[in-house]
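Written out below as structure tokens is the structure these notes cover.
Derivation of every value follows stated rules applied to the coordinates shown; laboratory data play no part. All figures in this text were calculated on a predicted structure; none of them were measured in a lab. Here Cβ is always computed from backbone atoms with ideal geometry, including for glycine, and neighbour counts include all displayed protein chains.
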């Protein structure tokens, strides 16, 4: 196997930036706070099929309208993350995370109390903006830990546990208590993350990082993000398009093909159980499988699963493909996170992880809703194959040797 091009050794200040919160992230209270923050911030990755399905079935919106609300949440998240990421070193991470999740909790609580579409749209946008600001601080902190790949795998495992609990408990309760319960659950998840980050989020001096081997803080370096970083981020976004587009209508496909509520809910629970595995597996394989190759295979696996889900008229192939669909994204994204952490040691690029994920995910629900409305579920497969090809092209250029390089201060 050919080795990737080596990258020049970064200056001491850049190395220091990569480990700003290293000691604090080794403490379990801080790790638990990061795990809860990741679960809350990545809520859409778990809940999107139930989210869109509830808006269609309980709120009587058409697929395009339902997808549009989810898209507003994700668009708000994109712009918020893009605003926060460049300012990561100047923020008090604990305050920003707790405040962001607290405001998101209030926004979702407001959604649970209204059926007016315009009000729901505004509150979805507010929830996206505030939760993504908190999530950007979370991912930027993970990126500067001692082992970003391992810590991101740990928070990914927490997300898998959360998915199991969510799918086991929430869909049956929604059938009994109505769609508004979903947004009360979302508000509760954000509130828990608010408390956890307020108490135990890893802390560092804003705008400063300790010089390597010294206790005296120095200014965090400005970093010009290289071509490899940008293309790697775009590859993640392409995978997020496919993830959100397909995941939004996973439940609806099963229901519309007559598989039944109980069977579809069982698939969602199985999906949650399977999601316990990929992050831990990615951690075990960190030094065995090269990230540069894993990120090329992930989009292809995604496209194959979409083809099976959308084309199958039988329950067994649908259930098998649907149960592992999200696991592909979790596994591949863990390797992509570690790869980008090596390409940009400052952590600034990975602070924009919500933007990478949600810029793509923002397109997914409304694109999927539009395709389903005008051309049926089968059209999702065509879009998935084309988008996967773009992801592979981008990831093929995400190599060390064109990594982020320090730039001169302004």
Which percent of Cα pairs goes in each bin when the distances of the stretch 225-276 are cut into 10 angstrom slices starting at zero?
22, 34, 24, 15, 6
List 185, 385, 52 from most exposed to least, where exposure is judged by having the fewest other Cβ atoms within 10 Å.
385, 185, 52
Any idea how far apart residue 83 and residue 150 come out in nm if each label point goes 7 Å out from Cα toward Cβ?
3.7
Students often get this wrong: which residues of the stretch 225-248 have the backbone nitrogen under 16 Å from the point 7 angstrom along Cα-to-C-beta of residue 397?
225-239
Between residue 203 and residue 114, the two model label points (7 Å from Cα along the beta-carbon direction) sit apart by a distance in nm of 3.7
If packing is taken as the mean number of other Cβ atoms within 10 Å per residue, what is the order of 99-109, 332-342, 270-280, 170-180, highest first?
332-342, 99-109, 270-280, 170-180
For the stretch 57-146: rounded, prolate or oblate by the Cα gyration tensor [a/c cutoff 1.5]:
prolate
Based on the mean of other Cβ atoms within 10 Å per residue, sort peptides 150-162, 133-145, 287-299 so the most packed one is first.
133-145, 150-162, 287-299
